[in-house]
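The values are calculated or read from the model by the stated rules, or taken from the named source; none is laboratory data. Computed from a predicted model, the values in this text were never measured in an experiment. Note that we place each Cβ from the backbone using ideal geometry, even for glycine, and neighbour counts take in every protein chain shown.
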Amino acid sequence: MNFKLSEEQSMLKESVSRFIRERYDFGMRKEVMKLSEGYSRDCWATFAELGWLSIPFADEYGGFDGTIEDVAVVMEEMGRGIIVEPYIPTVVMFGQLLSLSRNELLKSEYIPKIIDGSCLGAFAFLERQARYEVTDIKTTGTLQGDHFRVNGEKSVVFNGGNADVIAITVRTGGQQCDRHGVTVLLVQSDTPGIETTSYQMMDGQMAANMVFKDVLIPHSNVLGTVDAGTELVEAVIPLVILASSAEALGVMTVLNELTVNYAKTRSQFGTPISSFQVLQHRMVDNFMAVEQSRSMLYRGLCTYADEEAYDQNERLRSLHAMKVVIAKSAKTVGEEAVQIHGGMGMTDDLNIGHYLKRLISITTLFGDADFHQKRFNELSYKT
């Protein structure tokens, strides 16, 4: 496996890194979080201008025609700045549902708008009773003529309050948890019958709870195939996990750097605490956790991208193993960073707590460590 970045990826990495250094420091982030929308329209316009929003989309729509590895390069650097702009909800979740769907009309209409920054998207997949099972759906879509009548509720819709367009999973057949009978529909956020309650989560990201009451969605807005939407959703989930894991790696890298630097400057009994052997051991454990996460991420990216060398089972096993390691490493690195900084590590005035909160959110996206450990075991030891 070749883990070396290409010339284009190196340039992309430097582009995001420079933006964070020069225009998105911790003070700027706190100001952005105070905005009513919870993100900066100016920053989003800059993302579009620099081409970051075009990366995973085909060139026929004006995209960069990049890969998930390219997205991961961007997300790792964004993790270093704990950027709150809705890149994953719009570009990776909603955008890739569009890209992988068979609806050419919707792709031609919305992908160029995502790329130029004029359209924000969201994916409404989670329901109160579902936890991590994306097929546990009570929201119904009843076909009436050439429209689906949608009724139900979706929880924790990332960027739901700011989205112009939303992809939603509804049950059009089968029982509540069946794989078959799930359909993915696209709906404008201002469609009559949609009630949205937006809020800011602990990590600064925006989310919303959405209620759908007799919402009419045209049959022409189906993404994928009626009753077979689970396959489309399951094709996008690995991309989201890889992108968010890259972000987690960026967060952990900064946490480790900040902790080491703090230990060198903080003194107790007239000597820097970095000289205490017990803290040295703990900081080495942090470093090892970060590097192990990096290795697992790179392996996950390479394995998932190479469909010829690895079958679907091996690719999924690699993905689940990566998520387990990164989730556990995030817990170690985040908690140790706060412990070594002391009580002030969790105050809003210091960035340590903000990095930890983002890590906690990332590690539960589409399943925590226990969930993915179970899935890994099922794939490894199934009879």
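Before we move on, is residue 45 more than 27 Å from residue 258 (Cα to Cα) and not polar (S, T, N, Q)?
Working: more than 27 Å from residue 258 (Cα to Cα): yes; not polar (S, T, N, Q): yes.
Yes.
Within segment 139-152, is there a residue that is in a loop (DSSP other than H, G, I, E, B), β-branched (Val, Ile, Thr) and assigned by TED's automatic domain parsing to the domain that holds residue 209?
Step one: list which residues in segment 139-152 are in a loop (DSSP other than H, G, I, E, B), which gives 139, 145-146.
Narrowing further to those that are β-branched (Val, Ile, Thr): 139.
So of that shortlist, the ones also assigned by TED's automatic domain parsing to the domain that holds residue 209 come out as 139.
So far as segment 139-152 goes, yes, one or more of its residues are in a loop (DSSP other than H, G, I, E, B), β-branched (Val, Ile, Thr) and assigned by TED's automatic domain parsing to the domain that holds residue 209.
Looking at (1) more than 16 Å from residue 97 (Cβ to Cβ); (2) of a type in the set (D, E, K, R); (3) touching a residue at least 40 places away in the same chain (Cβ under 8 Å), which is the one condition that is false for residue 257?
(3) is the only condition that residue 257 fails.
Give just the number: which of (1) at pLDDT 90 or above; (2) closer than 30 Å to residue 264 by Cα; (3) not hydrophobic (A, V, I, L, M, F, W, C) does residue 299 not satisfy?
Condition (2) is where residue 299 drops out.
Conditions: (1) of a type outside the set (Phe, Trp, Tyr); (2) under 21 Å from residue 304 (Cα atoms); (3) surrounded by fewer than 23 Cβ atoms within 10 Å (Cβ to Cβ); (4) touching a Gly at 6+ places or on another chain (Cβ under 9 Å). Residue 75 meets all but one. Number of the miss?
For residue 75, the exception is condition (3).
Every residue, every condition in (1) part of a loop (DSSP other than H, G, I, E, B); (2) farther than 30 Å from residue 348 by Cα; (3) in contact with a His (Cβ under 7 Å, 6 or more places away or on another chain), yes or no:
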| position | (1), (2), (3) |
| --- | --- |
| 8 | no, yes, no |
| 20 | no, no, no |
| 38 | yes, no, no |
| 47 | no, no, no |
| 64 | yes, yes, no |
| 73 | no, no, no |
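Looking at segment 1-56 only, could you name the residues that are closer than 26 Å to residue 113 by Cα, acidic (Asp, Glu) and over 22 Å from the mean Cα position of the chain (by Cα)? It would help to see each step written out before you state the result.
Here is the first cut: in segment 1-56, the ones closer than 26 Å to residue 113 by Cα are 8-9, 11-20, 23-24, 29, 32-33, 35-56.
Within this subset, residues satisfying the condition of being acidic (Asp, Glu) are 8, 14, 37, 42, 49.
Selection gives 8 alone.
Could you tell me whether any residue of segment 126-136 is aromatic (Phe, Trp, Tyr), crowded, with 22+ Cβ neighbours inside 10 Å and not assigned by TED's automatic domain parsing to the domain that holds residue 350?
Here is the first cut: in segment 126-136, the ones aromatic (Phe, Trp, Tyr) are 132.
Narrowing the set further to residues that are crowded, with 22+ Cβ neighbours inside 10 Å leaves none.
Checked against the condition, which is being aromatic (Phe, Trp, Tyr), crowded, with 22+ Cβ neighbours inside 10 Å and not assigned by TED's automatic domain parsing to the domain that holds residue 350, segment 126-136 yields no hits at all.
Might you check whether a residue that is under 30 Å from residue 40 (Cα atoms) and not in a strand (DSSP E or B) occurs anywhere in segment 163-186?
Taking segment 163-186 first, the residues under 30 Å from residue 40 (Cα atoms) are 163-169, 184-186.
This time we only want the ones that are not in a strand (DSSP E or B), so: 163-164.
Within segment 163-186 (the criterion being under 30 Å from residue 40 (Cα atoms) and not in a strand (DSSP E or B)), the answer is yes, since at least one residue qualifies.
Of the conditions (1) part of a helix (DSSP H, G or I); (2) of a type in the set (D, E, K, R); (3) out of contact with any Ser or Thr (no Cβ under 7 Å at 6 or more places or on another chain), residue 77 clears all except one; give me its number.
That leaves (3) as the condition not met.
Among the residues of segment 255-282, count how many are surrounded by 19 or more Cβ atoms within 10 Å (Cβ to Cβ) and at pLDDT 90 or above.
3
Quick one: count up the residues across segment 361-378 that are crowded, with 17+ Cβ neighbours inside 10 Å and either assigned by TED's automatic domain parsing to the domain that holds residue 201 or not in a loop (DSSP other than H, G, I, E, B) (or both).
9
State which residue is farthest from residue 375 (Cα to Cα) when the search covers only segment 319-353 and only residues that are within 20 Å of the chain's Cα centre (by Cα) and surrounded by fewer than 20 Cβ atoms within 10 Å (Cβ to Cβ). Walk me through it before giving the result.
Of segment 319-353, the ones within 20 Å of the chain's Cα centre (by Cα) are 319-331, 333-334, 353.
Those still in the list that are surrounded by fewer than 20 Cβ atoms within 10 Å (Cβ to Cβ) too: 328, 331, 353.
Working: 328: 16, 331: 20, 353: 31 Å.
My answer is 353.
Report the residue count in segment 198-221 for those that are within 28 Å of residue 79 (Cβ to Cβ) and touching a strand residue (DSSP E or B) at 6+ places or on another chain (Cβ under 8 Å). Don't jump to the end; show me each part of the working.
Of segment 198-221, the ones within 28 Å of residue 79 (Cβ to Cβ) are 198-210.
Next, only the ones that are touching a strand residue (DSSP E or B) at 6+ places or on another chain (Cβ under 8 Å) stay: 198-201, 205-210.
Summing the residues that are within 28 Å of residue 79 (Cβ to Cβ) and touching a strand residue (DSSP E or B) at 6+ places or on another chain (Cβ under 8 Å) in segment 198-221 gives 10.
Quick one: what pairs do we get from segment 56-80, first residue β-branched (Val, Ile, Thr), second assigned to a helix (DSSP H, G or I), C-beta under 6 Å, 6+ apart or different chains?
What qualifies is 68/239; 68/242; 71/243; 73/9; 73/12; 73/13; 74/16; 74/52.
Is segment 105-115 home to any residue that is part of a helix (DSSP H, G or I) and closer than 18 Å to residue 246 by Cα?
Just the residues of segment 105-115 that are part of a helix (DSSP H, G or I), to begin with: 105-115.
From what is left, the residues that are closer than 18 Å to residue 246 by Cα are none.
No, every residue in segment 105-115 fails to be part of a helix (DSSP H, G or I) and closer than 18 Å to residue 246 by Cα.
Search segment 192-202 for residues being surrounded by 14 or more Cβ atoms within 10 Å (Cβ to Cβ) and within 22 Å of residue 171 (Cα to Cα), and hand back the single one that is nearest to the chain's Cα centre (by Cα). Talk me through it step by step, then tell me what you get.
Pass one, segment 192-202, residues surrounded by 14 or more Cβ atoms within 10 Å (Cβ to Cβ): 193-194, 196, 198, 200-201.
Next cut, within 22 Å of residue 171 (Cα to Cα) only: 193-194, 196.
On the way: 193: 28, 194: 24, 196: 21 Å.
For segment 192-202, the residue satisfying everything is 196.
Please pick out the residue among 121, 161, 117 that is out of contact with any strand residue (DSSP E or B) (no Cβ under 9 Å at 6 or more places or on another chain), surrounded by 15 or more Cβ atoms within 10 Å (Cβ to Cβ), touching a residue at least 12 places away in the same chain (Cβ under 8 Å) and under 30 Å from residue 35 (Cα atoms).
Values: 121 fails: out of contact with any strand residue (DSSP E or B) (no Cβ under 9 Å at 6 or more places or on another chain); 161 fails: out of contact with any strand residue (DSSP E or B) (no Cβ under 9 Å at 6 or more places or on another chain).
It is 117.
Kindly indicate whether any position in segment 350-362 is modelled with pLDDT under 90 and over 30 Å from residue 127 (Cα atoms). Let's see the steps before the verdict.
In the first step, residues of segment 350-362 are kept if they are modelled with pLDDT under 90; the result is 350.
Then drop every residue that is not over 30 Å from residue 127 (Cα atoms), which leaves 350.
Yes.
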